[in-house]
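Data first, discussion second: the structure below is written as structure tokens.
No value in this document is a laboratory result; all are computed from the given coordinates. Keep in mind that this is a model prediction, so the values were computed, not measured. With ideal geometry, Cβ positions are generated from the backbone for all residues, glycine too; neighbour counts draw on all protein chains shown.
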């Protein structure tokens, strides 16, 4: 197939920047990385980009295609070529460009180190000298966060980092959740205190671009939400963002709606509310502020209240509530609604059910 690409060429030493078009004859199974290799081998040996494993594991080949971050080794070109598209390839965003598609990852690694990405053990070694073991259920809490390969695609698309480069960013915070949620770690409170800094958890704008662009399904925004939930659960709520989230919960639980007229006093305090009275009156004159009394209560508000009671009864506070929702959505996405594990493995053509120690299920493989 014939594949055409437009590539932004850049040299930081001279400041020269140019959009150059290339066309290569590539096999139908070729990825974007394969096409870049062909260009470099056959047409222009000065083209600069990173690569290593070519199997979506190392994270080296992050770049942008048509303004959206991708892994070059994961991006198949067949459909793009058949559609006659000529995609524009450029370096990732929010990181300094060194040359062509190569960015300086130093700011990325600085933020990574800032969240202390290593285990601080808080468990006692068994007396018999055997290894300390934890259950799969406990590790499921950080299953998604453990998939991160540090490719930087989420950082490339982060709106908060674009407006404030000091923000810790989605990758670092997702890695932070990987250790906060690890039952073997003893520094949960210390970590959350650090992540609740001025440029931490609550600076995320919730645009979800990081979830959209993550090639491994880590969903960094969900990890940030888990960190926020754990912070609130443990009483680390000095940040205005934490107070904002707490009022959302309380408002939804009591009336089923967000009581906006009370949001500013509950989040920013009485003094800040008084300072904004002129603005509030202007909104009221234009019909933008609902009357505070009597409060509008949702028709089926008991469902919201019962849901909160159920979460408390199951002791799924903080991040565990998010994890429960993730697993439910995962099952729905794979068509497992209402099915037991036995029914899933009994499907025609299903893989044999793996044997796990202590699994006495009849017929387990």
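Worth pointing out:
- Under a Gaussian network description of the chain, with springs only between Cα atoms under 10 Å, the residue in 39, 274, 142 that fluctuates furthest is 274.
- Neighbour-count ranking [beta-carbon atoms within 10 angstrom, fewest first] of 163, 13, 273: 13, 163, 273
- Residues 153, 158, 61 in ascending order of nearby Cβ atoms (within 10 Å, fewest first): 61, 158, 153.
- Computed over the stretch 2-103, relative contact order equals 35 percent, with contacts defined as Cα pairs under 8 Å that lie 6+ residues apart.
- Rounded to 5, the percent of DSSP beta bridges in the stretch 1-123 classed as antiparallel: 90 percent
- 0 to 90° range, to nearest 10: angle between helix 240-254 axis and the chain longest Cα axis: 60 degrees
- Cα long-axis angle, helix 32-42 against the chain (0 to 90 degrees, to the nearest 10): 20 degrees
- Tilt relative to the chain, helix 319-333 - C-alpha long axis, 0 to 90 degrees, to 10: 60 degrees
- Of 175, 144, 266, the one that fluctuates the most in a GNM where the chain has Cα springs shorter than 10 Å: 266
- Averaging 1/r over each pair of different alpha-carbon atoms in the stretch 119-201 and inverting the result gives 14.5 Å, the Kirkwood hydrodynamic radius.
- Residue exposure proxy: 99, 246, ordered by other Cβ atoms within 10 angstrom of their Cβ from fewest to most, comes out as 246, 99.
- Relative contact order (%) - criterion: Cα under 8 Å, at least six apart; region: the chain: 12 percent
- Inter-label distance, residue 350 to residue 233: 3.0 nm, where each label sits 7 Å from its Cα along the C-beta direction.
- The GNM of the chain, with springs linking C-alpha atoms under 10 angstrom apart, assigns the highest mean-square fluctuation among 298, 229, 333 to 333.
- Computed from the C-beta positions of residue 127 and residue 184 and an R0 of 22 Å, the FRET efficiency is 0.80 to the nearest 0.05.
- In whole angstrom, the stretch 2-103 maps to an equivalent ellipsoid with semi-axes of 20, 16, 13, each derived as √(5λ) from the alpha carbon gyration tensor and ordered largest first.
- Fully extended contour minus Cα-Cα distance, from residue 286 to residue 248, at 0.36 nm per residue: 11.2 nm
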